[in-house]
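Right, one structure below, let's go through it.
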Number of protein chains: 2
Amino acid sequence: MAETEPSRSARRARSGGGAARRAARSATGVETARFITRNIPDFDLFSSEALELIEHNAETVLEEIGVVFSENPAALTRWREAGADVRGERVRLPRGLARKLCATAPASFIQHARNPERSVGIGGRSLVLAPVYGPPFVRDSAGGRRYATMEDFRKFVRLGYMSKWLHHSGGTVCEPTDIPVNKRHLDMLMAHMTLSDKPFMGAVTEPSRARDSVAMCEILFGRDFVAGNAVMTSLININSPLTFDSTMMGALEVYARANQACIVSPFIVGGAMAPVSVTGTLTQVLAEALAGIAYSQLVRPGAPVIFGAFVSSIDMNSGAPTFGTPEASQILYGAGQLARRLRVPFRSGGGLCGSKLPDAQAAYETANTLNAALMGGVNFMLHACGWLEGGLVASIEKFVMDADQLGALHKMAAGVALDEAAQAMDALREVGPGGHFLGCAHTQAHFREAYWRSDLLDYKAFETWDEEGARDTMVLARDRAAKMLAQYQPPPLDAAIHESLNDYATRRKAELDVSA
Amino acid sequence: MAETEPSRSARRARSGGGAARRAARSATGVETARFITRNIPDFDLFSSEALELIEHNAETVLEEIGVVFSENPAALTRWREAGADVRGERVRLPRGLARKLCATAPASFIQHARNPERSVGIGGRSLVLAPVYGPPFVRDSAGGRRYATMEDFRKFVRLGYMSKWLHHSGGTVCEPTDIPVNKRHLDMLMAHMTLSDKPFMGAVTEPSRARDSVAMCEILFGRDFVAGNAVMTSLININSPLTFDSTMMGALEVYARANQACIVSPFIVGGAMAPVSVTGTLTQVLAEALAGIAYSQLVRPGAPVIFGAFVSSIDMNSGAPTFGTPEASQILYGAGQLARRLRVPFRSGGGLCGSKLPDAQAAYETANTLNAALMGGVNFMLHACGWLEGGLVASIEKFVMDADQLGALHKMAAGVALDEAAQAMDALREVGPGGHFLGCAHTQAHFREAYWRSDLLDYKAFETWDEEGARDTMVLARDRAAKMLAQYQPPPLDAAIHESLNDYATRRKAELDVSA
């Protein structure tokens, strides 16, 4: 039978050496699936000729129009030395230069977690799932929609830790708006480092905050380990169209120098920040990713970097970004193919939706995006769960609902077994015409692992479901989230490390108070 | 820019000759998209080697285990004469016989509608969307869950007629349980023939009811037309595993002899009616489809027929069929590849779900299935909208919700334009780094048709949405269904034909009263 990733992972934890067994008992309080390794083909929507056309046009954009690196003289110097045509802040790249520079970027890399069982491979056939990033609001069925707080943030980190199919703790799972902007990152990092043992993301809102992220990782992982290994994957958005601002680039420079991974990601509402066409948008996405990835390699050749594409379509009636649409999927498929041709890991997708509630709209749009991301070869999926209302809201219920659906991606990605047991000729012979398979030997031997099963959704008989209160998915998710949070126990962490992290955060907060 | 099917269809209606214009004015009360012609590749999950293995095993099933044609001596005679090994009701087919017989089945055919604009092509790169089939219950937010009546049936036919992205009126959109079983089909056919002008399905619950269906079509289309053209596509379920009962086969015989199309479809809850493995289930599906399609060609070589695969997975805890699961998608992809290798049209997919309500569960499961059906090369999609609770319930709200999502399939299937306008190099040059595209000439020229837009889902700003009552998708769909039904006007029908149909139904009901 096809073997699901989690069962493989669980078995490894069980059957490993003494150290692995101890790690499984102590650090691994809850089961987490291993990151997905696809055993299925990618869906190639675009022909080679179409991709070559887009690549040609992207080079034309870089050569004729160029990109802007704003308020960043050091970047302009790097570009000039690399052979670019720099006038003012505008950088024009001769054909082929960006692609040549990208060649030193690794095709895949490992992002280490403090629990080695939970380290993830990014690139190649992998798919790593990380939660929603960035919402200033939270919503749950008890409290409705409100500004997010640090306690909300911790709640999402705990839920992520408890979510079997989520590989990554993420970054800004919501904006803790009750903490001053200049100190937020310290509390967020503390939460990821102490409340979870899954990999996480660093701060990007200022170079100094990226430096804090590296410093705290050096406490958590050890200075030597951080120097030689990626322990953070951080999100560097490009200011589309074609602009790289000094804040984001400053953070990228810190991370690249420290050999930490960045996602270089155009952030595009189609028709507003890119042309109102799929092919035109892909051209711009490629030009921006090429320039951004090339720049990371100018800072440090070999620094791990991910080709990002966050693109929504737009409702031209309301101006609202729209999600789960065919055009968003087309762009995802195309960007994935372009990233693979560039031989760098690819980030896109997620549980994206525009709905205000975790209702049917949210689920249609989310499922459309999750399916495209699986088939489109995404390696790192940010926003895989909890995203609501175009990213303005992190939803407790949707976090749990989406995280459950992520299980289906694992099973789908595992492909189909073809061995003798899977062929089931013995079962067909045993049962014959008109019989039934429920009791046959093959079914008894294989039914447990044969089919993916939701841990959340309703499979009950109508009468039972009705008697139990006729609960819809939102209510089921509310109850499940409450149960997960009640059962949550933090993964063990060395007390000295915990204290050092606390000391660092306290000291930095005091310094920031003085400088403010 | 990519041109969507509906706009193409609308333009044909507008720009055709005088007759087409009159037809568009008179018969076409509401806009309906042309059936989908895929301009994108299929997703081939299985390798050629895997498919050959399954084909080999299916032949082994037919040769060694065989199939049962129960209570059908004429079928046994046909098989014997064709070279099969018939013992009792068991028919064993020498390797290759079924596939050889299938060769006379057309690779594609047209099912004609009484409004020629709405005829559909089935096979090749086409995708035809038809509504839910078979539920004994209906649900809407006003009346909850209850047994379906003939008035419910008419409501669904009207909604189907008003649904822009639905190409087909379907068959038993719900079971009108207030009409005796032996007369139901007459009222159902009347509804499809008079309340809609889209193509429809015939009765299959008895050979005599199939004969009634043909007779009423001869009134509607003319006897000569029916003799030479497919005007019905009817659903013949196989009694899996490997059993073909005389009721369904009797109906198939009537339709095949009349040159009308049948879907020959295994109906499988995996693990109960087939082995608990994807590969084993596919083996059985292929064996059953081969035998059923071959039999249709024994009745009449060249009769139009569709390779069906309706397969759900099962929750081994509750025994409930489950939908939108990875295994269901894997089987859909595999069956599609097998059908294409057999060069016959393929039926699968739909808006399948197990949820009791049109909530997030329903939408996740539905979207998973719709996406797989689009990518898996389905030609005829029954249950494309309105399916709820594992097919026990036809839902008014879900009908409207799913029918809206079907629009996205049209846009996705159209593929991506690569022409000069789509490349948008002028827009990229005009806007440049840091600008925005909303006002540029390219956007102004193309924004109207650039992005698919839901006619149902919420794209409003949070504050507007909140002020307007914070409606979820179910409420939006309830309101939209009410509006569609209020605006409904039946398509014109020649009064003499209408009267003849009425006379036929009245006469047959009287005969059935006497015989009962």
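The values are calculated or read from the model by the stated rules, or taken from the named source; none is laboratory data. Note that the coordinates shown come from a computational prediction; the quantities given were computed from them, not determined experimentally. Heads up, the Cβs are rebuilt from the backbone with ideal geometry, glycines too, and the neighbour counts pull from every protein chain shown.
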> Which one is surrounded by the fewest Cβ atoms within 10 Å (Cβ to Cβ) among residues in region A:217-251 that are small (Gly, Ala, Ser) and away from every other protein chain (no Cβ under 14 Å)?
Replying inline: A:GLY228
> Can you name the condition, by its number, that A:TYR488 falls short on among (1) among the aromatic types (Phe, Trp, Tyr); (2) modelled with pLDDT of 95 or more; (3) within 29 Å of B:ALA362 (Cβ to Cβ)?
Replying inline: (3)
>> So for region B:309-319 (the condition being of a type in the set (Ser, Thr, Tyr), part of a helix (DSSP H, G or I) and more than 7 Å from chain A (Cβ to nearest Cβ)), does at least one residue qualify?
In response: no
> If only one of B:VAL214, B:VAL254, B:VAL269, B:VAL285 is β-branched (Val, Ile, Thr), touching a strand residue (DSSP E or B) at 6+ places or on another chain (Cβ under 7 Å) and either buried (at least 24 other Cβ atoms within 10 Å of the Cβ) or modelled with pLDDT of 95 or more (or both), which one is it?
Replying inline: B:VAL285
>> Of the residues B:LEU493, B:LEU457, B:LEU501, B:LEU418, only one is within 7 Å of chain A (Cβ to nearest Cβ) and surrounded by fewer than 22 Cβ atoms within 10 Å (Cβ to Cβ); which?
In response: B:LEU418
> Is region A:334-349 home to any residue that is buried (at least 24 other Cβ atoms within 10 Å of the Cβ), hydrophobic (A, V, I, L, M, F, W, C), touching a residue at least 12 places away in the same chain (Cβ under 8 Å) and under 22 Å from A:THR366 (Cβ atoms)?
Replying inline: yes
>> With the requirement that a residue be small (Gly, Ala, Ser) and part of a helix (DSSP H, G or I), what does region A:72-103 give you?
In response: A:ALA74, A:ALA75, A:ALA82, A:ALA98
> What tally of residues in region B:259-279 results from selecting those that are facing chain A (nearest Cβ under 10 Å), part of a strand (DSSP E or B) and in contact (Cβ under 8 Å) with a residue 60 or more places away in the chain?
Replying inline: 1
> Taking interchain pairs and intrachain pairs at least six residues apart, which have beta carbon atoms under 6 angstrom, with the first residue in region B:319-333 and at negative phi and the second assigned to a loop (DSSP other than H, G, I, E, B) and hydroxyl-bearing (Ser, Thr, Tyr)?
Replying inline: B:ALA320/A:TYR459; B:GLU327/A:TYR451; B:LEU332/B:SER348
> Of the residues that sit in region A:46-73 and are more than 16 Å from A:GLY280 (Cβ to Cβ) and touching a residue at least 40 places away in the same chain (Cβ under 8 Å), which one is surrounded by the most Cβ atoms within 10 Å (Cβ to Cβ)?
Replying inline: A:VAL67
> Among the residues of region A:373-402, which ones are assigned to a helix (DSSP H, G or I) and within 12 Å of chain B (Cβ to nearest Cβ)?
Replying inline: A:ALA373, A:LEU374, A:MET375, A:GLU389, A:GLY390, A:GLU397, A:LYS398, A:VAL400, A:MET401, A:ASP402
> Does B:HIS446 satisfy the condition of being in contact (Cβ under 8 Å) with a residue 60 or more places away in the chain and more than 7 Å from every other protein chain (Cβ to nearest Cβ)?
Replying inline: no
> Residues of region B:192-211 being buried (at least 21 other Cβ atoms within 10 Å of the Cβ), more than 19 Å from B:GLU117 (Cβ to Cβ) and out of contact with any His (no Cβ under 6 Å at 6 or more places or on another chain), which ones?
Replying inline: B:MET201, B:GLY202, B:VAL204, B:ALA210
> Which of the residues that make up region B:146-187 are part of a loop (DSSP other than H, G, I, E, B) and surrounded by fewer than 20 Cβ atoms within 10 Å (Cβ to Cβ)?
Replying inline: B:THR149, B:LYS164, B:THR177, B:ASP178, B:ILE179, B:PRO180
>> What's the total number of residues in region B:77-99 that are touching a helix residue (DSSP H, G or I) at 6+ places or on another chain (Cβ under 8 Å) and basic (Lys, Arg)?
In response: 4
>> Could you check region A:349-371 and list, in sequence order, the residues that are touching a Ser or Thr at 6+ places or on another chain (Cβ under 6 Å) and hydrophobic (A, V, I, L, M, F, W, C)?
In response: A:LEU352, A:CYS353, A:ALA360, A:ALA362
> When region B:288-304 is examined, which residues are found to be in a loop (DSSP other than H, G, I, E, B) and surrounded by 24 or more Cβ atoms within 10 Å (Cβ to Cβ)?
Replying inline: B:ALA303, B:PRO304
> Which one of these does B:GLY302 not meet: (1) within 14 Å of chain A (Cβ to nearest Cβ); (2) out of contact with any helix residue (DSSP H, G or I) (no Cβ under 8 Å at 6 or more places or on another chain); (3) modelled with pLDDT of 95 or more?
Replying inline: (1)
> Can you list the helices (runs of 4 or more DSSP H) found entirely within region B:459-516 that contain at least 1 residues being over 30 Å from B:LEU186 (Cα atoms) and in contact with a helix residue (DSSP H, G or I) (Cβ under 8 Å, 6 or more places away or on another chain)?
Replying inline: B:462-467, B:473-487
